[in-house]
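Taking it in order: structure first as structure tokens, then the write-up.
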Amino acid sequence: MLTVALPKGRLMDKALELFDRAKIIETTNYGESRKLIIEDNKADLRYILAKPTDVPTYVEYGVADIGIVGKDVLKENKRAVYELLDLGIGKCQMIVAVKSGSGFNKVQELGFSAKVASKYPNCTTEYFRSHGIQAEIIKLNGSIELAPIVGLADAIVDITETGRTIAENGLEIIAEVFPISARLIANQVSYKIHYHSLREMVKALEEVI
Ligand code: PRP
């Protein structure tokens, strides 16, 4: 039985739907259950339902053989896992945004004293450094769009999918940092032990992506 770390939240349903279309599983109906471990004996899979940012940790330590996680989390956490496949779901963008009318039109204009709020301090530091700016990073855990509105930061680095949160809070995007989509990842030892079944799984997924 293979153990799969799934990200609780919006990506989980899309991931199960994809597994269903690839005929890896027969049901996506895990209902209202609050269980954090689910066994699918027919498919010979066991799911661990984890917080998205923790998925690579479970996979790196081998508690899960494989996992599904956004590229944003992989870039931020840099865990020693194999990235097997771009699943083409959960597409969004990592962006830099400022308050509309702030006068900042590009990141270079933010300058050295810039304060940047983000859930992604590593991605933010790396991006600003690549533009020659050593910004002050303010780590937040959610509702990042609040930061420029209340004067906590000059800019934010965050993900956007539909653009609604940015628009409805009077912000504007001044740069795109990188595109994001969900990835299938594997533990490095599990990948060798279960090589054939994992390659078959990747092949089945590739056919429906
Ligand atoms: C994410 C992200 C934005 C929002 C963007 O937050 O941090 O706030 O979604 O989506 P949109 O472009 O479709 O409006 P999430 O819902 O994960 O919650 P959080 O603010 O608690 O991080």
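Structure above, values below:
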| quantity | calculated |
| --- | --- |
| Considering residues of region 85-112 that are of a type outside the set (D, E, K, R) and touching a Lys or Arg at 6+ places or on another chain (Cβ under 7 Å) only, the residue nearest to ALA147 (Cα to Cα) | GLY90 |
| Residue in region 9-48 that is modelled with the lowest pLDDT, counting only those that are at negative phi and within 15 Å of the chain's Cα centre (by Cα) | ARG10 |
| Breaking point among (1) in the same structural domain as ILE156 (by TED's automatic domain parsing); (2) away from the ligand (no atom under 16 Å from the Cβ), for LEU85 | (1) |
| Selection status of LYS42, part of a loop (DSSP other than H, G, I, E, B), surrounded by fewer than 17 Cβ atoms within 10 Å (Cβ to Cβ) and in contact with a strand residue (DSSP E or B) (Cβ under 9 Å, 6 or more places away or on another chain) | no |
| Check on LYS139, charged (D, E, K, R) and touching a Pro at 6+ places or on another chain (Cβ under 8 Å) | yes |
| Strands (runs of 3 or more DSSP E) fully within region 121-209 counting 2 or more residues that are of a type in the set (D, E, K, R) | 136-139, 171-180 |
| Subset of region 51-86 (residues that are crowded, with 23+ Cβ neighbours inside 10 Å, among the hydrophobic types (A, V, I, L, M, F, W, C) and touching a Leu at 6+ places or on another chain (Cβ under 9 Å)) | VAL55, ALA64, ILE66, ILE68, VAL69, VAL81 |
| Selection status of ALA114, aliphatic (A, V, I, L, M) and either within 27 Å of GLY9 (Cα to Cα) or within 14 Å of the ligand (Cβ to nearest atom) (or both) | no |
| GLU172 vs. criteria away from the ligand (no atom under 16 Å from the Cβ), more than 16 Å from the chain's Cα centre (by Cα) and at pLDDT 95 or above | no |
| Count of residues meeting criterion [under 21 Å from THR53 (Cα atoms) and either surrounded by fewer than 20 Cβ atoms within 10 Å (Cβ to Cβ) or not assigned by TED's automatic domain parsing to the domain that holds ILE174 (or both)] in region 124-136 | 2 |
| Cβ-Cβ under 7 Å pairs, at least 6 apart or on other chains, region 186-209 side modelled with pLDDT of 95 or more, far side of a type in the set (Ser, Thr, Tyr) | ALA186/TYR82; GLN188/TYR82; TYR191/TYR82; LEU198/TYR191 |
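The values are calculated or read from the model by the stated rules, or taken from the named source; none is laboratory data. The structure displayed is predicted, hence computed values, not measured ones. Counting neighbours? That spans all protein chains shown, and the Cβs are built from the backbone with ideal geometry, glycine included.
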